Each structure stands twice: as structure tokens, then as C-alpha cells.
Amino acid sequence: MILVSACLLGHKVKYNGGSNKNDLLLKYNERGHFLAVCPECFSMLPVPRPPMEIQGGTGKKLLAGRAKAQDKNGMDTTQYLLTGAEKVLKIAKAYNAKFAILKESSPSCGVKKIHSGHFDGKKIKGQGVTTALLVKNGIEVFSEKEITIGRLEELMAADIKN
């Protein structure tokens, strides 16, 4: 199985109650290789919810206890992000997933960039918590921005061999 951020598959789990529907991923979803995941929903955060960002670092630092997460209202959401990441990792292990396609910029799923932590719309280099945990455990993670038809074909062919 290939883990895919649920919002990319049209699930309305985004912080504001919307989705980040990706037509290419939706088309390939019909082939049965994708497993929709949403770390923030898995940690029982509501939809909609206030936006949250990692304060003082990236997902790697949050995993190491050197950063925290907070929502726009000032609520500490660190444990929610950690719990969601751990649940996604358990699912990945249960399904022997080797790949994931996750939503860029998310505090959970960001692959190359996340928001700055200042709720200013700026982004910094770094991974979200779930991405950092999956990579640490040997799972190759791609953002939806890196996915092409060719890449999807390669991932699905590798998934079949698994």
C-alpha cells in the first residue's frame, strides 16, 4: 500500500473543513494501491479546527522534544501531532508500506516545507512531524508536488513487488 494524505484524495479533513483534492491522485486511487491517512484526524482533532504550526523548528525537532506545536489560538497541539504521526507509522507497518504521498506545507505532512511557526504565511525548509517519523523509519515520502504519472507508475510497480 501507498499511504496518501486523505485531503489529497478529496476527504474534507483539512483544518478549515475543506480538502486539497488532487485529480491525478484521485484518478490513480481507483487502482487500489492507496490508503488514505490523516494524522490530525487520527489524533482526534476536530474538523474544522484552528490552523496550527510548529514553533521553534521542524517535525524532526518536535520529535526530539526541541520544538512544540501550537494552534492559532495559542493551544499547545504538540501531543496531537505526535499521536497522529505514531498512528500513521503503525498503519504503515501493518500494511508494509514503503511509500507515502503527503500534503506539502502541513505541520504533520509537509515533505520539503512547513509554515514558519509565526502564522505569517511564510514557509521554511523542513518536514512535518509525520513525514519526519516515516522517513526515520525507512519509508520514502513524496509531496503531491513531486508526483507525476511516471512516478506514480513506478511507485505502484514497486508496491506490487512488495
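Structure data summary
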read-out: Of all accessible heavy-atom area on the chain, the percent that carbon and sulfur account for (1.4 Å); value: 51
read-out: Estimated inter-spin distance, residue 136 and residue 86, nm [label 7 Å along Cα→Cβ]; value: 1.1
read-out: Unmatched cysteines, the chain - criterion: no other Cβ of a Cys under 4.7 angstrom; value: 7, 109
read-out: For region 72-162: rounded, prolate or oblate by the Cα gyration tensor [a/c cutoff 1.5]; value: oblate
read-out: Relative contact order (%) - region 9-151, alpha-carbon pairs under 8 angstrom, separation at least six; value: 21
read-out: Accessible area per residue, Å², the chain with all protein chains present, probe 1.4 Å; value: 50
read-out: Structure-derived Cα Rg over 2.2 N^0.38 Å: which label, when the choices are (i) 1.13; (ii) 1.62; (iii) 0.97; value: (iii)
read-out: Which listed pairs, of 68/90; 90/161; 72/98; 12/125; 60/103, have C-alpha distances above 28 Å, in listed order; value: 72/98
read-out: Sequence-separation-based contact order of region 15-87, relative, with Cα cut under 8 Å and 6+ spacing, percent; value: 32
read-out: Sum of -39500 (n - 2.57) over DSSP H runs of 4+, divided by residues of the chain (222 nm, nearest 500); value: -9500 deg cm²/dmol
read-out: Anchor residue 113: aspartates and glutamates whose Cα lies under 14 Å away (excluding residues fewer than 8 positions away in-chain); value: 53, 104, 144, 146
read-out: Relative contact order of region 45-126, pairs being alpha-carbon contacts under 8 Å that are 6 or more residues apart, as %; value: 26
read-out: Cleavage-rule hits (trypsin sites (Lys or Arg not before Pro)) in region 84-126: DSSP loop, at most 14 neighbouring Cβ within 10 angstrom; value: 122
read-out: Charged-residue dipole, Cβ positions (Lys, Arg, Asp, Glu), the chain about Cα centre, Debye nearest 20; value: 300
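The values are calculated or read from the model by the stated rules, or taken from the named source; none is laboratory data. None of these values were measured; they are calculated from a predicted model. For neighbour counting, all protein chains shown are included, and Cβ atoms are generated from backbone atoms with ideal geometry for every residue, glycine included. Keep in mind that these areas ignore ligands, DNA and RNA; they rest on the heavy atoms of the full protein, side chains included. Shrake-Rupley method; radii C 1.70, N 1.55, O 1.52, S 1.80 Å.
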